[in-house]
Amino acid sequence: MDAAQESGQARAETARIARAAARRAAFDLARQGGAEVISRPPYRGARATIPDVEPLAGMRAAREIELGSRRIVRDYIRDAREAGHSWQAIGAAMNLTPGGEPDLAGETVAEAAFSYAAGHPDTETARRYGRSVSWTWGPAKD
């Protein structure tokens, strides 16, 4: 197995672990909000069932986690800038690719990282007020 395959496998395992953690968090958040526990098959055609929450309650909870996670990512981006990391290094650490996601404008990894932090340039808010990301300047690391 070459380094690219190992890297791909490691990334796939990290993604699997993240999905499992997000599902557990969505389940817990929905339950805390009063959602009923139901039984459902883990995949179409399965005979066994697993405990879950009602789909709309799970979806709402997962969306709240998504929005909360984006805030945490932006906080870490600010921390990385304060630690002196470049937009290029931040984008690379986030595995961003130019043009890889429609919401991330930019022709470079650095521009995509800035778009993630500051928002897409083609929004009314961006056109009216501009885009910015604030941090306390630190020494350059890269």
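Annotations for the structure displayed:
- Annotation: the residues 52, 28, sorted from fewest to most other C-beta atoms within 10 Å of their own C-beta, follow the order 28, 52.
- For residue 53, residues with placed amide H under 5 Å, excluding near neighbours: 38
- Neighbours of residue 75, meaning other residues whose beta-carbon lies under 12 angstrom from its beta-carbon, give a summed charge of +3 when Lys and Arg score +1 and Asp and Glu score -1.
- Compactness ratio for the range 1-122: Cα radius of gyration over 2.2 N^0.38 Å (N = residue count) comes to 1.33.
- Charge tally in the Cβ shell below 12 Å around residue 64, where Lys, Arg are +1 and Asp, Glu are -1, residue 64 excluded: +2
- Per-residue Cβ neighbour rank within 10 angstrom, fewest leading, 87, 137: 137, 87
- Inter-centroid distance (Cα atoms) of the range 18-36 relative to the range 75-116, Å: 29
- Using a Förster distance of 35 Å, the FRET efficiency for residue 10-residue 63 (Cβ separation, nearest 0.05): 0.80
- Relative contact order [Cα under 8 Å, 6+ residues apart], the range 1-69, whole percent: 30
- Hull volume in cubic angstrom per residue (convex hull over the Cα atoms of the range 1-69): 106
- Taken along the Cα-to-beta-carbon direction at a fixed 7 Å, the label points for residue 127 and residue 92 span 3.6 nm.
- DSSP-loop GluC sites (Glu not before Pro) across the range 1-102, with at most 11 other Cβ within 10 angstrom: 36
A short reminder: the numbers here are calculations on the coordinates, not readings from a lab. Please read these numbers as outputs of a predicted model, since none were measured by experiment. FYI the Cβ positions are ideal-geometry reconstructions off the backbone, even for glycines, and counts take in every protein chain you see.
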